[in-house]
Amino acid sequence: MLDFAVPFLICFPFLISLFLLFSGKSKIGNAIARIGAVVIFFTSVAFFVARGIKIGFSVTEELYVNTEIADYVILGGEILLALVVTFLCFKYKKYWISLLSIIPTAAIIYIEETAAKENIAHIFLDRLAMIMVLLVGAVGSLIIIYAVGYMEGYHNHHKEVQDRRNYFLALLFMFMGAMFGFVTCASLTWLVFFWECTSVCSFLLIGYTRSEEAINNSFRALWMNLLGGVALVAGVIFFHSLLGTFSAREVLSTIQMIGQYSNQMFGVALYIPIALIAFAALTKSAQMPFSTWLLGAMVAPTPSSTLLHSATMVKAGIYVLIRLAPLMKGNVVGMFIAFIGAFTFLSTSFMAISQSDAKKVLAMSTISNLGLMVACAGIGTPETVWACVFLMLFHAVSKSMLFQVVGATENSLHSRDVEDFHGLLYTLPKHAMFLFIGITGMFLAPFGMLISKWSALKGMTDDRHALIVIFIVFGSALTSFYWGKIMGKLIAHPHKKKEVKDVTHMGEYVSFWIHMITMILMVVFFPMISTFYVDPMVANVEMIGNTTGIAAIPQSTLYILVGMLLLVFLIPLVMYFSGKGEESTQKLAYMGGINTGKNNGFVDSFGEEKILWMSNYYYEKMLSIERLMKPCQFIATIILLVIACILGGSMIGGMLG
């Protein structure tokens, strides 16, 4: 039965997607979407647990060698994707973008058809693949359950947008199916198909509203991700020409080859496909200079942003870089990838400070944290890969909940401006609670994001990457700044009393609660997850090299985290019950003049009454996206050109030598 779980998880979402596409505006689509999401949720969780119990988490499996029919289906899918992209590019007169789909599709088809047939496995399961299956299945399903209720409120609020919610839900399911295939496939040709599938799904989701801005942003996302797809195909073809295989397992075995041939032309040549595939991962993870596509995705309804930022699109890039970590460790490719990641982390943290749009803050935060993950994978030491895995896990859950709650808050407040969140604790207390916990999970102890940053800093310091450490230290300080501003707004006393109708559906609340409970459980079981799952994964010879274990975080520290978590909830409860029933008096605050007696105003030196109004400072003139993005993109482009010149020069030198 376990052997059929992966094909089911790949195919079932596609089948649900086809049903929703042809169901029109039928209300039965909502029920089918909910049922499909629940089935995927429990299947992915049950598969993860059952496989661990039956054969053990440490066992790696290679499945499905004879897949001739599936190969033809994948081939047809590649052609269909190219046709869809080409049609839409011509429809909207973006002709040149179609070439980024046509050329790599033609190249990979030609190579597949002319290359000798191989008997290789097409599905590969190990610890990393299984944890990605769990992440995509659990978080992705909750996002779809949330999306069903959200889209009703969205279209009630946005009357100008054509109601195509079943089409929207179909794309979400298609996205999940593609991600299941992406994280479990062992064939590089299958990998290319699922990669392109995620690119096209994100393109269609971003353009959902069909507004001029949405169309422009969707095509920007398309060409940037297709450019990464071109690099991926080039890397796959290059690997095949060097090693004669499309097996991802064979490619990973080049760790020993690089060490053996580093001073010869063959060894140098191996760095080129590694660099090409790493470049593709940078585009997918929205790293500089490709960050603008993810920022532009904010025009789409919130569930698409949630899926892109947490469980699918951007995590695909991180997944690839974790796989490449042993190939990048200690060489020029890894050094440059780590530098771009750290540079993105710092620069986007600066830009996030200037944003008052809550979704843009979340978007810049996502790009920033992805930069940290990219830097960790580029360094490639056990400590940094350990940090990268936990950053990915905690970020997925926290950011998924944050996007969902911001979307639900926008439907109720009709605004997502951070300034309008002032006093949200008093107007929408449940939303404020979920937001507060989600933000806490992003940068405060005892949640895993902070601990993972500590491990990353330790690994980079031990490896003597001084400039990258400086970037991460200052970027982390900026992270605390922009999250702190939002937290302050949530708990501030409201300027004026106002009634806000909560239009959040029960399904949305179910998703919020499950996310919050999952975050808490991840901290409670942090020591166990680290000891029995992540530590062995990063210590495995296929992941890192000949290491026997890691010492990223001492076990005693991990258990202290559990105690801290208990205190986080215990202290407020003790304060509440100890102060219950006691009389309290409100003290008047000094606000630069004589208090009017209401604690919301004062009399100034001219005798005029002033109303107190608190607002955050955003440094818009200094740190705006418009001011910083292009210079940062220019710097990142120069870095990429430098690494291209270095690798090209090495190849030429090897040929001449």
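Observations
- Ranked by the mean number of other Cβ atoms within 10 Å of their residues, highest first, the peptides 299-308, 87-96 fall in the order 299-308, 87-96.
- Each label point was placed 7 Å from the Cα along the Cα-to-Cβ direction; for residue 84 and residue 107 their separation is 2.2 nm.
- Solvent-accessible surface of segment 328-459, averaged per residue with a 1.4 angstrom probe and all protein chains in place: 19 square angstrom.
- With each label modelled as a point 7 angstrom along the Cα→C-beta vector, the residue 614-residue 243 pair spans 5.7 nm.
- Applying D = kT/(6 pi eta Rh) to segment 355-506, where Rh is the Kirkwood radius over alpha-carbon pairs, T corresponds to 20 °C and eta to 1.002 mPa s, the Stokes-Einstein value obtained is 132 µm²/s.
- Calculated FRET value between residue 92 and residue 570, using beta carbons and R₀ = 56 Å, to 0.05: 0.50
- Using the empirical formula 2.2 N^0.38 Å as the baseline, the Cα radius of gyration of segment 1-88 reaches a ratio of 1.39.
- Pair residue 45, residue 433: separation of 7 Å Cα→Cβ label points (nm): 2.1 nm
- Positive-end residue of 174, 104, 309, charge dipole of the chain with Cβ unit charges: 309
- On the beta carbon distance between residue 72 and residue 117, with R0 = 22 Å, the FRET formula returns roughly 0.95.
- Local electrostatic count, residue 66, Cβ distance below 12 Å [Lys/Arg +1, Asp/Glu -1]: -2
- Kirkwood Rh and Cα Rg combined as Rg over Rh, evaluated for the chain: 0.98
- Oblate is the label for segment 124-252, because a/c, from the alpha-carbon gyration tensor with a ≥ b ≥ c as root eigenvalues, is 1.5 or above and a/b does not exceed b/c.
- The calculated FRET efficiency for residue 21 paired with residue 524, based on their beta-carbon distance and R0 = 41 Å, is about 0.50.
- In sequence order, calculated HN-Hα J values of segment 367-380 (Karplus, 6.51, -1.76, 1.60; Hz; x Gly/Pro): 4, 4, 5, 4, x, 5, 5, 4, 4, 5, 5, x, 5, x
- Expressed as a whole percent, the accessible area of the chain that falls on carbon and sulfur atoms is 67 (1.4 Å probe).
- Contour minus Cα-Cα distance for residue 491 and residue 606 (0.36 nm per residue): 38.2 nm
- Relative contact order, percent, the chain [alpha-carbon distance under 8 Å, six or more residues apart]: 14 percent
- Local net charge near residue 391, Cβ-Cβ under 13 Å (Lys/Arg +1, Asp/Glu -1): +2
- The mean of 1/r over all distinct Cα pairs in segment 347-439, once inverted, gives the Kirkwood hydrodynamic radius of 14.3 Å.
- Long-range HN-HN contacts of residue 594 with modeled amide H, under 5 Å: 603
The values are calculated or read from the model by the stated rules, or taken from the named source; none is laboratory data. These numbers come from a predicted model, not from an experiment. Backbone-built Cβ (ideal geometry, glycine too); neighbour counts: all protein chains shown. We work out accessible area using only protein heavy atoms, side chains counted, and drop any ligands, DNA or RNA first. Shrake-Rupley method; radii C 1.70, N 1.55, O 1.52, S 1.80 Å.
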